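The structure under discussion appears below in the form of structure tokens.
The values are calculated or read from the model by the stated rules, or taken from the named source; none is laboratory data. Keep in mind the model is a prediction, meaning the values are calculated, not measured. Every residue, glycine as well, gets a Cβ built from its backbone with ideal geometry; the counts of neighbours run over all protein chains shown.
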Amino acid sequence: MHRVVLLTGSNHPERERMLSCAATLLGESVGRIVALSEVCYSEPWGFESEREFANQALLLESELEPLQLLDRVLEVEQKVGRDRESEQAEKQLTGQRYASRVVDVDVIFYDDEQIHTPRLEVPHPRVHLREFALVPLSQILGDYVHPKFGKSIRCMLAELSVE
């Protein structure tokens, strides 16, 4: 059994419902949910939007291998309503790197592995820079030590808050 950590996010007008729907589907298709953070709210990161984001961290036990897991995550995003083509059109229109989204599911950790493939990078390469990720992660895995940086989630959050 693999220990998988995912982060869901949405700035859809019904973002809490989108996160709830994503969690249900992830529990059905990826693995058993062991822990779930509270829904945390933050301003958009890396782009402008009128709506704030809701994020939630999930700890799951899964039998899936990393790329199988990624495929299931992408299926869940699509079932919840993510439309990558419209996001791409918005990014081109605004010139920004990121765009509003119905739901986003990131693979943050997969056991203590470091995975670098063209499709998947784990640990998530920017998790240590994102307060919106570290806050919900600290609720369910505060003492977990990042396999690349050798620091706990709580420590990375504290360092980010100081900068």
Only one of these is surrounded by fewer than 19 Cβ atoms within 10 Å (Cβ to Cβ) and assigned to a helix (DSSP H, G or I): Glu16, Glu77. Name it.
Glu16
Search result, residues across segment 133-163 that are within 20 Å of Glu52 (Cβ to Cβ), out of contact with any Asp or Glu (no Cβ under 8 Å at 6 or more places or on another chain) and of a type outside the set (Val, Ile, Thr):
Leu134, Leu137, Ser138
Search result, residues across segment 28-39 that are buried (at least 16 other Cβ atoms within 10 Å of the Cβ) and either over 15 Å from the mean Cα position of the chain (by Cα) or more than 24 Å from Gln78 (Cβ to Cβ) (or both)
Ser29, Gly31
Conditions (1) modelled with pLDDT of 95 or more; (2) within 24 Å of Glu65 (Cα to Cα); (3) out of contact with any helix residue (DSSP H, G or I) (no Cβ under 8 Å at 6 or more places or on another chain); number of the one not met by Val122:
(3)
Please enumerate the residues belonging to segment 19-54 that are closer than 17 Å to Tyr110 by Cβ, among the aliphatic types (A, V, I, L, M) and in a loop (DSSP other than H, G, I, E, B).
Val30
Can you tell me which residue among Arg84, Arg97, Arg101, Arg72 is in contact with a His (Cβ under 8 Å, 6 or more places away or on another chain) and among the basic types (Lys, Arg)?
Arg101
Among residues of segment 88-123 being of a type in the set (Val, Ile, Thr) and under 18 Å from Ile153 (Cβ atoms), the residue surrounded by the fewest Cβ atoms within 10 Å (Cβ to Cβ) is Val107
Among Ser29, Ser37, which is at negative phi, in contact with a Pro (Cβ under 8 Å, 6 or more places away or on another chain) and of a type in the set (S, T, N, Q)?
Ser37
